[in-house]
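Down below is the structure, laid out as structure tokens.
The values are calculated or read from the model by the stated rules, or taken from the named source; none is laboratory data. Being a predicted model, the structure only gives us computed values, none of them experimental. Glycine gets a Cβ as well: all are built from the backbone with ideal geometry, and neighbour counts include every protein chain shown.
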Amino acid sequence: MGLSDLFANFTPRVPFTKEPIDETEEVEEYDKGARIYIWPLYKHFVWKVMKRGIRRGWALDIGTGTGLLPLELAKVKNSDLQVVGLDISDTMIHQARRNVERAKAEDRVHFIVASAAYLPFKDASLDIVASNASLHRWNEPVQGINEIERVTKPEGAIIMRDSRRLPPNLFWRAFQFLVTSFMNESHKEAWPQAVAAAYTIPEVNEILAKTRLRPWKVFIDLMFIDLCIESR
Ligand SMILES: C[S@@+](CC[C@H](N)C(=O)[O-])C[C@H]1O[C@@H](n2cnc3c(N)ncnc32)[C@H](O)[C@@H]1O
């Protein structure tokens, strides 16, 4: 029995019913909030990518939202990465393109509307495949991860992060109350739903075992509410 079995009293997963985030107002609110609450995580992501020593070639961010992670990747000094942000939501991609125009980064950052389940890239064509806070929303996580495995170069890097579902104990409720009190309406509503829809570490290992991805690591990283998947 592992340590996580001692804390196995998780409530069942509550998948998202409203997909994707598509209202313009909601997307704008998401964008404003993400620049504050998620920004440290984008920076941490960039640090992880740089630690892998990959400074040129093509990076893909799946479930990119308003494109803030691709923008951070494109800003790195002494790096020459071209970044593609991919999202299933037209409205998110519309806002992402506006953000890139404002940052004058169109020569480095590109966007496409597509699903994680059908990545429109050639086999072994990408140097980095990243994804933040999106896996819990994918209808076909096994297919999505098989697609990631297919498009990433053997010497490339796969770096994913998502929320982790937590047992509904007093500590978690107090933490959630504290954190959401600083959030705008969009994030205040969406974040607890994301945590309820997120996977536990054993559930992610079960998903990964059904995919072609080998080897993989699943671990808690920057924050205790995190779940990270890395490979290659
Ligand atoms: C919580 S947002 C995270 C956005 C961004 N990664 C960030 O960190 O700010 C989740 C994103 O995943 C996208 N998404 C959901 N299902 C998807 C799928 N199957 N394929 C691609 N994107 C998807 C949503 O449209 C949404 O933009």
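Brief remarks follow.
- Some residue of the stretch 171-186 being buried (at least 21 other Cβ atoms within 10 Å of the Cβ) and under 24 Å from Ser115 (Cβ atoms): no
- Considering only residues in the stretch 202-232 that are among the aromatic types (Phe, Trp, Tyr) and under 14 Å from Met160 (Cα atoms), the one that is surrounded by the fewest Cβ atoms within 10 Å (Cβ to Cβ) turns out to be Phe219.
- Of all the criteria given as (1) within 15 Å of the ligand (Cβ to nearest atom); (2) over 18 Å from the mean Cα position of the chain (by Cα); (3) closer than 24 Å to Glu230 by Cα, the one not satisfied by Arg98 is (3).
- Residue among Ala74, Ala34 that alone is more than 13 Å from the chain's Cα centre (by Cα), surrounded by 16 or more Cβ atoms within 10 Å (Cβ to Cβ) and small (Gly, Ala, Ser): Ala74
- Per-region count, the stretch 80-103, residues outside any helix (DSSP H, G or I), of a type in the set (Asp, Glu) and surrounded by fewer than 17 Cβ atoms within 10 Å (Cβ to Cβ): 1
- Residue in the stretch 104-117 that is in contact (Cβ under 8 Å) with a residue 40 or more places away in the chain, in a loop (DSSP other than H, G, I, E, B), buried (at least 22 other Cβ atoms within 10 Å of the Cβ) and under 18 Å from the mean Cα position of the chain (by Cα) present: yes
- Pair list, Cβ under 9 Å, 6 or more apart: the stretch 201-227 residue part of a loop (DSSP other than H, G, I, E, B), other residue at pLDDT below 95 and acidic (Asp, Glu): Ile220/Asp226
- The stretch 57-80, residues that are under 24 Å from Trp138 (Cβ atoms) and of a type in the set (A, V, I, L, M, F, W, C): Trp58, Ala59, Leu60, Ile62, Leu68, Leu69, Leu71, Leu73
Each row is one residue, and each column tells you yes or no for (1) touching a Phe, Trp or Tyr at 6+ places or on another chain (Cβ under 9 Å); (2) modelled with pLDDT of 95 or more.
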site	(1), (2)
Asp22	no, no
Gly53	no, no
Gly85	yes, yes
His110	no, yes
Ala117	yes, yes
Lys122	no, yes
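- Residues of the stretch 143-176 that turn out to be assigned to a helix (DSSP H, G or I) and away from the ligand (no atom under 12 Å from the Cβ), as a count: 11
- Any helices (runs of 4 or more DSSP H) falling wholly within the stretch 18-76 and containing at least 1 residues that are within 11 Å of the ligand (Cβ to nearest atom), in contact (Cβ under 8 Å) with a residue 40 or more places away in the chain and closer than 30 Å to Pro154 by Cβ: 39-51, 68-75
- Of residues in the stretch 177-191 being touching a residue at least 60 places away in the same chain (Cβ under 8 Å) and among the polar types (S, T, N, Q), the one nearest to the ligand (Cβ to nearest atom): Ser186
- Among all residues of the stretch 127-138, there is none that is surrounded by fewer than 22 Cβ atoms within 10 Å (Cβ to Cβ), touching a helix residue (DSSP H, G or I) at 6+ places or on another chain (Cβ under 6 Å) and not in a loop (DSSP other than H, G, I, E, B).
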